[in-house]
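K.L.:
Pasting in a structure now, in structure tokens, and then I'll have a few things to ask.
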Amino acid sequence: MAAKGLFLLYYLPRTLALPAGTVPRIFGYGLRLDASATAYLCLLPFLLLTVGSLAGPRFPLERLLRLVTGAAGTAVATLTVADLALYGPWGFRLDATPLQYLSTPGEALASAGPGQLGLLLGLWLGLLGLGWDFYKGIVGRLAALPPGFGRGRAALAGLLYLALLVVPLRGGLQQIPVNQSDVYFSGVPFANHAAVNVPWNVLNALRLQTSPINPYQFLPDTAAARLTASLYAPAGPDTVQLLRPGLGRPNVLFIILESFTGKLVGHLGGERGVTPTLDSLSRMGVSFRNVYAAGDRSQKGLVALLSGYPNQPTASIIKYPRKTERLPHLARVLRGQGYSTAYYHGGELAFANMKSYLLTAGYQHLTERADFRSRDQNAKWGAHDHVLLNRMLQELPQQRPPFFVTAFTLSSHEPFDVPMRTRFAGSDEASRFRNSVFYTDHVLGQFLQTARQQPWWANTLVVLVADHGHPQPGDSPNHDPAKFRIPLLLTGGALAPAARGRQVLTYGSQTDVAATLLHQLHLPATNFPWSRDLLAPAPPAWPGGAAFYCFTDGFGVATPAGTVTYDNVARRVIEQDSAVSRRQLRFGQAYEQVSFGDFLGK
């Protein structure tokens, strides 16, 4: 309960924006999950009490109870503080997702600035102290057994306690055990999130990750498969050809831009002056105006872009090497066509299990943080973007053509530490984010300007796309379609002159980049069943295209008619534009169901 109050205080502006009377309901509705989490924490102490009663006074019961309580209190305090740090940038309560980062804790903490880390450390120590005070005041030292109250009766009392825990464990006497949907009560996602108990949420997420059952069963399987397939029904064999005729196999330079949200891209209707390079390229290259990120994390964006595979609402397939081995991959396909392959990133490739995914993909050469001098790195993530791009300029002439080279920037990730004079005044998160995006856009422009003078440029197609969007500016809620709209541009000497300045208005997802690229290279994309060519005629059922994206336990579907977003836990629509049909919502449910079933079957 104290942790719930702390969460509401930590995010006080959002708490104050809640409708009147919501805060008491957060505590009231959240009580069942709080009781369930408490009961789970009590299992071991009551078991020790039973065993200690049978063993007699020599059993170090009190010492063990203090040890168990201390470990449990430390775990709860740690989860609580981690949740405080991550809810802002991630938009959902702590679940099993951070376990992907246990091998690289430094990178996991890199999103927090020094001041925030100091505050979080203070809160962690305060929670530990509060927990210890509670223990001493409520439990204290164990009293001796009353006269005539023998070991057997004491053991029976302990067993009774264990039996009585079943009720709060299940969250009550109802037929179905308590789950997240039982504490969802509001149309405001933040209010529902605040009611969730974090330790319970983490344990439940771990349980669901190992479950073979598809929790997203909205429709009969045949109906769901039919609706999903409607997006991939061929409307014609032809695709718009953007490359120069007779080019042969062009080089492909695939640059993934960290957190580049459409909200800061001028040619997408975002703020002007933040991405002058991308905006200029939209006039000289090919710009896709309605592309959405498949998810909201970097590792999810990688899989969507390079394997054309949908994201999962509470997990990421990149965490499961056995499953990623069965995914298609652009690098593997192009290497089979004689391309040499390389991957550049200024950070740690072990982060979020990316390295195993990239090695499985067949990249011949990987460049990461350890390959850069320490003086060229920032204090958090790794090599600055200008250092990364300059290294690529030096090494691309030695890359055997045709090549498929992938680069992933990092400077526009929290905490937005960039080696550049401040362009946008302000110390708030949105201003720092604008500056970091401007920096990466600026050094990208310098890179492309120099690259145009290189011999390999005339035979190279450059793909520029974001890994995901961002809540800033505007602190968008987790489901907001504006958070998922991202830039996708094609440029390079391989483009035909007639293609320059072309705008593609079809709605699509990151998952569609793979098929779009392969068809431009005159290669089949049949191994990428979740990817469709954005330059081919749109399917008859979706004349303007459609884009599916997912966030933690929810999804959105964007089409020319508008966007609908849905909460899987509450089983209700979050937001829906007036022109959106019920069929669009059913399509999103079908897509979630079928794609997650495919994930389970990998």
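The values are calculated or read from the model by the stated rules, or taken from the named source; none is laboratory data. Remember, predicted model here, so these are calculated numbers, not experimental data. Note that we place each Cβ from the backbone using ideal geometry, even for glycine, and neighbour counts take in every protein chain shown.
K.L.:
Just checking, which of PRO397, PRO401, PRO415 is modelled with pLDDT under 90 and either surrounded by fewer than 23 Cβ atoms within 10 Å (Cβ to Cβ) or within 21 Å of the chain's Cα centre (by Cα) (or both)?
P.N.:
PRO415
Yes or no, residue by residue, for (1) crowded, with 22+ Cβ neighbours inside 10 Å; (2) at pLDDT 95 or above; (3) β-branched (Val, Ile, Thr):
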{"residue": "PRO543", "(1), (2), (3)": "no, no, no"}
{"residue": "ALA546", "(1), (2), (3)": "yes, yes, no"}
{"residue": "VAL564", "(1), (2), (3)": "yes, yes, yes"}
{"residue": "GLU575", "(1), (2), (3)": "no, yes, no"}
{"residue": "GLN584", "(1), (2), (3)": "no, yes, no"}
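K.L.:
I would also like to ask the following. Only one residue in THR38, THR22, THR50 is more than 28 Å from LEU79 (Cα to Cα) and surrounded by 15 or more Cβ atoms within 10 Å (Cβ to Cβ). Which one?
P.N.:
From the options THR38, THR22, THR50, the qualifying one is THR50.
K.L.:
Sort through PHE596, PHE548 and tell me the only one that's assigned to a helix (DSSP H, G or I) and of a type in the set (Phe, Trp, Tyr).
P.N.:
Details: PHE548 fails: assigned to a helix (DSSP H, G or I).
Residue meeting the stated conditions: PHE596.
K.L.:
Take the conditions more than 27 Å from ARG93 (Cβ to Cβ), assigned by TED's automatic domain parsing to the domain that holds ALA498, hydroxyl-bearing (Ser, Thr, Tyr) and in contact with an Asp or Glu (Cβ under 8 Å, 6 or more places away or on another chain) and apply them to THR239. Does it pass?
P.N.:
So THR239 does not fit the description; no.
K.L.:
Additional query: Among the residues of region 297-305, is any part of a helix (DSSP H, G or I), β-branched (Val, Ile, Thr) and free of Cβ contacts under 8 Å to residues at least 60 places away in the same chain?
P.N.:
The answer is yes; a qualifying residue exists.
K.L.:
Answer yes or no: is there a residue in region 117-124 that is at pLDDT below 85, touching a helix residue (DSSP H, G or I) at 6+ places or on another chain (Cβ under 9 Å) and outside the structural domain of LYS380 (by TED's automatic domain parsing).
P.N.:
yes
K.L.:
Can you tell me which residues in region 500-520 are more than 29 Å from the chain's Cα centre (by Cα) and under 21 Å from ALA235 (Cβ atoms)? Let's see the steps before the verdict.
P.N.:
First, the residues of region 500-520 that are more than 29 Å from the chain's Cα centre (by Cα): 500-502, 520.
Passing the criteria: ARG502, GLN520.
K.L.:
Can you tell me which of THR314, THR360 is in a helix (DSSP H, G or I), at pLDDT below 95 and of a type in the set (Val, Ile, Thr)?
P.N.:
Checking each option against the conditions leaves just THR360.
K.L.:
Another question about this same structure. Out of the residues in region 1-38 that are among the hydrophobic types (A, V, I, L, M, F, W, C) and in a loop (DSSP other than H, G, I, E, B), which is modelled with the lowest pLDDT?
P.N.:
Taking region 1-38 as the starting set, the residues that turn out to be among the hydrophobic types (A, V, I, L, M, F, W, C) are 1-3, 6-9, 12, 16-18, 20, 23, 26-27, 31, 33, 35, 37.
Filter once more, so that each one left must be in a loop (DSSP other than H, G, I, E, B): 1, 17-18, 20.
Values: MET1: 87, ALA17: 93, LEU18: 93, ALA20: 92.
If we take residues in region 1-38 being among the hydrophobic types (A, V, I, L, M, F, W, C) and in a loop (DSSP other than H, G, I, E, B), then MET1 is modelled with the lowest pLDDT.
K.L.:
Looking at region 53-81 only, could you name the residues that are among the aliphatic types (A, V, I, L, M), surrounded by 13 or more Cβ atoms within 10 Å (Cβ to Cβ) and farther than 17 Å from LEU162 by Cβ?
P.N.:
ALA75, VAL76, ALA77, LEU79, VAL81
K.L.:
Just the residues that are small (Gly, Ala, Ser), farther than 21 Å from SER476 by Cβ and in a loop (DSSP other than H, G, I, E, B), please, taken from region 566-590.
P.N.:
ALA579, SER581
K.L.:
Would region 507-518 turn up any residue that is closer than 19 Å to LEU268 by Cβ, in a loop (DSSP other than H, G, I, E, B), at pLDDT 95 or above and not basic (Lys, Arg)?
P.N.:
Within region 507-518, none of the residues are closer than 19 Å to LEU268 by Cβ, in a loop (DSSP other than H, G, I, E, B), at pLDDT 95 or above and not basic (Lys, Arg).
K.L.:
Could I ask something else about it? So if I check each of ALA163, ALA191, ALA195, ALA155, which one is out of contact with any strand residue (DSSP E or B) (no Cβ under 6 Å at 6 or more places or on another chain), without any contact (Cβ under 8 Å) to a residue 40 or more places away in the chain and among the hydrophobic types (A, V, I, L, M, F, W, C)?
P.N.:
Working: ALA191 fails: without any contact (Cβ under 8 Å) to a residue 40 or more places away in the chain; ALA195 fails: without any contact (Cβ under 8 Å) to a residue 40 or more places away in the chain; ALA155 fails: without any contact (Cβ under 8 Å) to a residue 40 or more places away in the chain.
Among ALA163, ALA191, ALA195, ALA155, only ALA163 is out of contact with any strand residue (DSSP E or B) (no Cβ under 6 Å at 6 or more places or on another chain), without any contact (Cβ under 8 Å) to a residue 40 or more places away in the chain and among the hydrophobic types (A, V, I, L, M, F, W, C).
K.L.:
For region 456-478, does any single residue satisfy the condition of being outside the structural domain of PHE92 (by TED's automatic domain parsing), out of contact with any helix residue (DSSP H, G or I) (no Cβ under 9 Å at 6 or more places or on another chain) and closer than 28 Å to TYR309 by Cβ?
P.N.:
Quick first cut of region 456-478, residues outside the structural domain of PHE92 (by TED's automatic domain parsing) only: 456-478.
Now restrict to residues that are out of contact with any helix residue (DSSP H, G or I) (no Cβ under 9 Å at 6 or more places or on another chain): 458-459.
Filter once more, so that each one left must be closer than 28 Å to TYR309 by Cβ: none.
Checked region 456-478: no residue is outside the structural domain of PHE92 (by TED's automatic domain parsing), out of contact with any helix residue (DSSP H, G or I) (no Cβ under 9 Å at 6 or more places or on another chain) and closer than 28 Å to TYR309 by Cβ.
K.L.:
Could you figure out which of (1) over 24 Å from GLY445 (Cβ atoms); (2) surrounded by 16 or more Cβ atoms within 10 Å (Cβ to Cβ); (3) in contact (Cβ under 8 Å) with a residue 40 or more places away in the chain; (4) not acidic (Asp, Glu) isn't true of SER356?
P.N.:
Going through (1) over 24 Å from GLY445 (Cβ atoms); (2) surrounded by 16 or more Cβ atoms within 10 Å (Cβ to Cβ); (3) in contact (Cβ under 8 Å) with a residue 40 or more places away in the chain; (4) not acidic (Asp, Glu) one by one, SER356 breaks only (3).
K.L.:
Now for a separate question. Please tell me if VAL274 is closer than 22 Å to LEU461 by Cα and not in a helix (DSSP H, G or I).
P.N.:
When the stated conditions are applied, VAL274 does not pass them.
K.L.:
If you don't mind, there's one more thing I want to ask. State all residues of region 374-389 that are of a type outside the set (A, V, I, L, M), assigned to a helix (DSSP H, G or I), out of contact with any His (no Cβ under 8 Å at 6 or more places or on another chain) and within 16 Å of MET420 (Cα to Cα); if no residue qualifies, say none.
P.N.:
Scanning region 374-389 gives ARG375, ASP385, HIS386.
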